[in-house]
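See below for the structure under consideration.
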Amino acid sequence: MASGVAARGCVVLARAGRGERAGTNGRGRGGGRAGRGGGWDAGRRAARPSPSPSASERAANDVTRHNVDVLRDLVRATPRDVDEKTTTAYAGEGFRLVRCMPHLKRREADDAVSAGRVLVNGELVRPSRRVVHGDVVTLDGKAMDWEPYAQSVESELGDARFVYLKYNKPRGVVCTMSDTERTSMFHALHHERKALGKDVRLFPVGRLDKDSSGLVLLTNDGRVSDALLDPERKAEKTYDVDVDRIVSEADARTLARGVVISTTQQRDLKETVAATLPCEVTKTGEKSLRFVLKEGRNRQIRKMCEVLSYDVERLHRTRIDDVALGDLEVGGVAPLDEDEVNALSARVDARASTPRESSKHTSESRRRRRAIDANPGGWGAKMFKERDASA
C-alpha cells in the first residue's frame with residue numbers, strides 16, 4: 001500500500017520493506033533506503049491515517065445524522081410566515097370565547113355564557129362563539145380585558161412558532177442547555193440545534209440526572225413546561241430501575257408506601273427530610289423495578305433505594321404523562337405525534353382554566369404537608385392543627 005505526502009516539493013512514498021528510495025536523489029534528510037533513516041520514518045508518520053472511529057462513535061454519528069434529517073424535514077414542513085398565519089386566524093375565525101376567562105373553569109365559562117351572563121358587543125351569544133379584535137366582552141356587566149390572555153392561550157400547541165420534541169438522553173449528558181458545561185445537552189445536540197435554526201431556543205422540561213438515561217421533553221413553549229411542572233397538577237412519570245441485588249416483594253411494597261429521605265432544594269440549598277408520597281412500584285425482574293410517580297425530588301428514586309440498602313445500577317425514564325419514549329434509539333430526537341401534542345394541549349388548557357392559588361397560600365400548604373409528612377406527631381403538625389383550631 002502506498003500513500004503520498006508533499007515533502008520538499010517532491011512525493012515521498014511510504015511502503016514497508018526495503019529497496020524503495022525516498023526523495024529525489026535518495027540522500028540527505030528524507031532520503032536513504034526505505035526502512036532506514038529519518039526519511040522513511042517521516043513519510044510513515046505523515047502518511048499514517050487518522051484513527052478510525054469506534055463502532056459506538058459510528059453509531060452515535062448515524063443517530064446525529066438521522067436527527068438532523070428529521071429536524072430539517074420538520075422545519076421545511078413548517079409555515080414560514082408565522083405572523084401572517086396568526087394574524088389571519090385572529091382577524092378571521094377569531095378566538096374561542098370560553099377560553100377568554102382564565103378565572104373560570106371551562107364548565108363554569110360555558111354555564112356563564114349559556115346563562116346570559118356574558119355578552120359580546122352587548123348581545124347574547126352561545127358558548128361556541130368566537131371573538132375577534134375589537135369585540136367588547138362583558139361578564140356580569142363588567143368589561144373584560146380578554147385579548148392579551150386569549151392570544152397567549154389560543155396559539156394552539158403545534159403552532160408554527162413552537163417545537164415539541166422527545167429526546168432519549170444518554171447516560172452522562174447533563175440535562176441543561178448551558179454552554180458552560182462540556183457534557184450538557186447544549187453541546188450534545190449541537191447539530192440538532194443548528195438544523196432547527198438560531199431562532200428556536202430549546203430547553204428541557206424538568207430534569208433527569210446525569211447518571212440516568214431516557215425520555216426528556218424539549219420545547220420552546222413555556223406553557224408546556226409550566227403545565228407539566230405545576231406542583232398542583234404534577235405529571236406522572238415512569239422509570240425502569242435496575243439494582244445491585246435481588247429485590248423482595250416486601251421491599252417493593254415498602255418503597256410504594258413511601259420512605260423518609262433527605263433532599264436538598266436546588267434553589268435555596270435547604271435540606272428537607274420528609275417521607276416520599278405513595279407511588280406505584282412493581283417488580284419487573286429479580287433485580288429490576290418499575291416506578292410510577294408524580295413527585296420529583298432530587299435523585300428521589302436513588303435515595304429511596306438507598307434507604308433499603310439497594311444501589312441503583314441503571315435508571316431509565318420511559319414515560320412522562322402521555323408521552324412515551326417508545327423505541328427511540330439512544331441519543332435520538334423525534335417530534336411528538338398528534339396524540340401526544342393533544343395530550344399536552346389538554347394539560348395546558350386545564351391549567352389555564354384553573355384559578356391559581358396565591359403564592360403565600362401555596363407556600364403555606366407545602367410547608368404544612370412537609371411538616372406533617374416528616375413527623376405526623378411532631379411540632380409541625382401540632383402547630384398547624386393549633387392554627388387551624390384558632391382560625
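The values are calculated or read from the model by the stated rules, or taken from the named source; none is laboratory data. Small disclaimer: the values here were computed from a predicted structure and weren't measured. Glycine also receives a Cβ, built like all others from the backbone with ideal geometry; neighbour counts cover every protein chain displayed.
When segment 313-325 is filtered for residues that are of a type outside the set (Ser, Thr, Tyr), under 19 Å from residue 206 (Cβ atoms) and in contact (Cβ under 8 Å) with a residue 60 or more places away in the chain, the ones remaining, listed by number, are 315, 316, 317, 319, 320, 321, 323, 324, 325. Within this structure, residue 206 passes the test of being in contact with a strand residue (DSSP E or B) (Cβ under 8 Å, 6 or more places away or on another chain) and either surrounded by 20 or more Cβ atoms within 10 Å (Cβ to Cβ) or at pLDDT below 90 (or both).
Each residue in segment 274-300 was checked for being buried (at least 16 other Cβ atoms within 10 Å of the Cβ), without any contact (Cβ under 8 Å) to a residue 60 or more places away in the chain and of a type in the set (D, E, K, R), and 3 of them qualify.
When restricted to residues that are within 15 Å of the chain's Cα centre (by Cα) and without any contact (Cβ under 8 Å) to a residue 12 or more places away in the chain, segment 188-211 contains 1. Comparison of 247, 292, 260, 330 shows that the only residue that is closer than 22 Å to residue 207 by Cβ and either of a type in the set (D, E, K, R) or out of contact with any Pro (no Cβ under 7 Å at 6 or more places or on another chain) (or both) is 292. Only residues that are assigned to a strand (DSSP E or B), acidic (Asp, Glu) and farther than 23 Å from residue 214 by Cβ: list them for segment 261-297, please. Correct list: 271 only. When 195, 160, 227 are checked against the criterion of being among the small types (Gly, Ala, Ser), assigned to a loop (DSSP other than H, G, I, E, B) and at pLDDT below 95, a single residue qualifies: 160. Mind listing just one residue for me: the one in segment 171-192 that is modelled with pLDDT under 90 and of a type in the set (Val, Ile, Thr) and, of those, nearest to residue 234 (Cα to Cα)? Here the residue is 176.
Matching residues to (1) surrounded by 14 or more Cβ atoms within 10 Å (Cβ to Cβ); (2) more than 26 Å from residue 351 (Cα to Cα); (3) at pLDDT 80 or above:
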{"residue": "53", "(1), (2), (3)": "no, yes, no"}
{"residue": "58", "(1), (2), (3)": "no, yes, yes"}
{"residue": "80", "(1), (2), (3)": "no, yes, no"}
{"residue": "87", "(1), (2), (3)": "no, no, no"}
{"residue": "94", "(1), (2), (3)": "yes, no, no"}
{"residue": "119", "(1), (2), (3)": "yes, no, yes"}
